[in-house]
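Computed from the coordinates by the stated procedures, all read-outs in this text should not be read as laboratory data. Keep in mind it's a predicted model, so treat the numbers as computed, not measured. Because the Cβ atoms are built from the backbone with ideal geometry, glycine has one as well, and the counts that use them run over all protein chains shown.
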Amino acid sequence: MIDEIYQGLIANIRRYVNFSDEDAQKIIQITHLKEIKRKTNIEEPGEVSNYRNYVVSGAFRSYFIDEDGKEHTVQIAVDDWFVSDFYSYVTRTPAILFVEALENSTILQMHYDDIEPLCKEMHSLSEYFRLSTERAFAFSRNRALSNISKTAEERYQEFLNRYPNIMDRVPQYIVASYLGMSPEFLSKIRARHSRIS
C-alpha cells in the first residue's frame, strides 16, 4: 500500500512507464517530504541544482534576474508538476534560476546522487526520466517558437487554454513575466477577453 502523500508522484511516473509496487517503494525510499513556506526559495543562482522537486500541493515559479534587475519567469509549476533549474541539474553546473514558492507548499525531493544509481537498477525509472526530459525539451521549443511567432493575445489565449486554473493561483505580474509582457498590457488583454466572453 502506497502512503497517500506519495500517490501523486507514483501515479505521475506510472502515466509513462509500468513498474511494480516493490519498485515504487524503492522510489519512495529515496524521496524526502518538505513543507515550504510561501516566498521561500528552494534553489538559488550559484548553487548546483541537486533535486528533482515534485509539487504535491502548492505553486512555484522559476525565474532569473537580468542585468537591469528585471525578473523573467521561466516556469510556473503547480500540483503534480516538477520544478527546478533543470539545466543546472542535468549539467551539474551552478544554477542561474531562483525557484520560489508562491504558496505554502508541500514537495517531494529526490536527490541526484540517489536517483542516478536507482535509474541504473530500474530501467523503467530511467525511461520515465528520458521521456519526461524529451517532453520538456519539446515544450520548451514550442514555447520559444510561440514567443517569436504569436501575438501577445494569442500567447495569453494559449496559456489560458493549457492552464485554466493557474490564473487564479498565481499573481498577474508573474503570468505577465512568463508570457513576455508587462502586467499592464496583460490587464488590458484580460479586460478585452472578459468583455468578449
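For the chain, the relative contact order comes to 23 percent (Cα pairs under 8 Å, sequence separation of at least 6).
When you filter the GluC sites (Glu not before Pro) in the range 45-101 for DSSP loop state and at most 12 other Cβ atoms inside 10 Å of their Cβ, you are left with Glu47, Glu67. Shown for Asp23, Asp168, Asp79: other C-beta atoms within 10 Å of each C-beta, ranked fewest to most, produce the order Asp168, Asp79, Asp23. Here Met181, Met167 are placed in order of increasing Cβ neighbour count within 10 Å, fewest first, which gives Met167, Met181. For the cross-link pairs Lys39/Lys150; Lys150/Lys188; Lys39/Lys70; Lys70/Lys188, which exceed 24 Å when the distance is taken from alpha carbon to alpha carbon? Lys39/Lys150, as the Cα separations exceed 24 Å there. Rounded, prolate or oblate: which fits the range 125-197, taking a ≥ b ≥ c as square roots of the Cα gyration tensor eigenvalues, rounded meaning a/c under 1.5, else prolate when a/b beats b/c? It comes out prolate by the Cα gyration axes.
Equivalent-ellipsoid semi-axes for the range 4-149 (Cα gyration tensor, √(5λ), whole Å, largest first): 26, 18, 15. The order of the peptides 25-34, 55-64 by mean Cβ neighbours within 10 Å, most packed first, is 55-64, 25-34. Taking other Cβ atoms within 10 Å as a rough exposure proxy, Lys39, Lys188 sort from fewest to most as Lys39, Lys188.
A dipole drawn for the chain from +1 and -1 charges on Cβ atoms has a positive end, and of His193, Phe19, Tyr51 the residue lying farthest that way is His193. Membrane-span-like helices of the chain, defined as complete DSSP H segments with a Cα extent of 27 Å or more along the helix axis and a mean Kyte hydropathy of at least -0.5, are identified as 123-149.
Note on Ile5 and Tyr87: their simple-model spin labels are 3.4 nm apart, each label 7 Å out from Cα toward Cβ.
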